[in-house]
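A short write-up of the structure that comes next.
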Amino acid sequence: MGSALLLYLLGVGALAPTFRPTLCHPERNGPIFSSAQQSRASGCGERDRGNTYSPTQADGNNHARPKQGEGINCYATLLQGNISMELREVLQDIADAIVRIDKSGKPFRTFQPGVGPYGEPQLVKRIAADLNQIPKYRNSALTKRTPDLLIPNEWAMEFKITRPFGDNDKEAENWSVNLLHPYPGNVSTIGDCYKLREYPGRERRSVVVVGYEHTRPKIDLTPLITSFEVIARQVLAFNLSERVEIRREGLIHPVHRALRLFAWEIT
């Protein structure tokens, strides 16, 4: 009776016949568990970060207990529902997804093959579909009006594409406006900062710029990116993280040969 009561109080009474948890931190007393297969040092990333959760969260919601037979790495993490990906990790996955889209050779409309000419909604939709093939995303990435890409419990992301040259290798008109127009209610990256600042979700928030250059840039995107940071931080007082940047080369489009991804967390 005493053992059954203890299992019930720890939130795993219904799983007692099939689930034999190991304490995340045996040297401490607490109702946080990890399965024997967990390979990390402590077995519970949430406990390592100093967070503990109970079945009734601070938001007042009762979170469902795991079903019998499910693989459980950490009951607390399952209740919280996140996998704690840092921005660079997500951006690397997005870069890999864009490269895979490019290598598929499927053209956008009547443009030359390659990912470079894709419009923003079409590209983000394909990125989400690609991320959902990666197990850690648990088929949860989705596109929305705001944010453009939502990874539930992880990231709310707004995207902008910047390409100085068009499909015909002629310099585009007003190509930099998509980043710098400094007023709320517009479609610039700064406008996205305003939107994310008001975003009510629990996710961390980030703006992402997808940029394309020639392998040897005819126009370098760096001055544009630096200008965005100066306006956002110094003129409009947005709290941006340090820039995260990833570069990929060898894209198949004859003009958009190099991918440059930039991202900042907004806090």
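List of remarks:
- Every condition in (1) modelled with pLDDT under 95; (2) under 24 Å from GLU265 (Cβ atoms); (3) in contact with a Ser or Thr (Cβ under 7 Å, 6 or more places away or on another chain) holds for MET157 except the one numbered (1).
- Taking (1) touching a Ser or Thr at 6+ places or on another chain (Cβ under 9 Å); (2) among the small types (Gly, Ala, Ser); (3) over 19 Å from VAL115 (Cα atoms) in turn, GLY250 satisfies each apart from (3).
- Candidates ILE98, ILE161, ILE127, ILE151, filtered to the one that is among the β-branched types (Val, Ile, Thr), buried (at least 16 other Cβ atoms within 10 Å of the Cβ), in the same structural domain as PRO217 (by TED's automatic domain parsing) and under 16 Å from ARG204 (Cβ atoms): ILE151
- Of the residues screened, GLU158 is one that is free of Cβ contacts under 8 Å to residues at least 60 places away in the same chain and either assigned to a strand (DSSP E or B) or touching a Gly at 6+ places or on another chain (Cβ under 6 Å) (or both).
- 2 or more residues modelled with pLDDT of 95 or more and buried (at least 16 other Cβ atoms within 10 Å of the Cβ): qualifying helices (runs of 4 or more DSSP H) within the stretch 170-259: 189-197, 222-230
- Condition met for PRO121 (of a type outside the set (Phe, Trp, Tyr) and either in contact (Cβ under 8 Å) with a residue 12 or more places away in the chain or outside the structural domain of ARG257 (by TED's automatic domain parsing) (or both)): yes
- Long-range neighbours under 7 Å by Cβ, at least six apart or interchain, first residue among the acidic types (Asp, Glu) within the stretch 208-221, second in a loop (DSSP other than H, G, I, E, B): GLU213/LEU221
- Qualifying residues in the stretch 141-155 (those that are of a type in the set (A, V, I, L, M, F, W, C) and part of a strand (DSSP E or B)) - the one farthest from the chain's Cα centre (by Cα): LEU142
- Applying the criterion of at least 1 residues that are at pLDDT 50 or above to the helices (runs of 4 or more DSSP H) found wholly in the stretch 37-140 leaves 87-103, 120-131.
- Some residue of the stretch 234-246 being within 25 Å of ILE101 (Cα to Cα) and either in contact with a Pro (Cβ under 9 Å, 6 or more places away or on another chain) or among the basic types (Lys, Arg) (or both): yes
The values are calculated or read from the model by the stated rules, or taken from the named source; none is laboratory data. Just so it is clear, the model here is predicted, and its values are computed rather than measured. Note: ideal-geometry Cβ built from the backbone for every residue, glycine included; neighbour counts use all protein chains shown.
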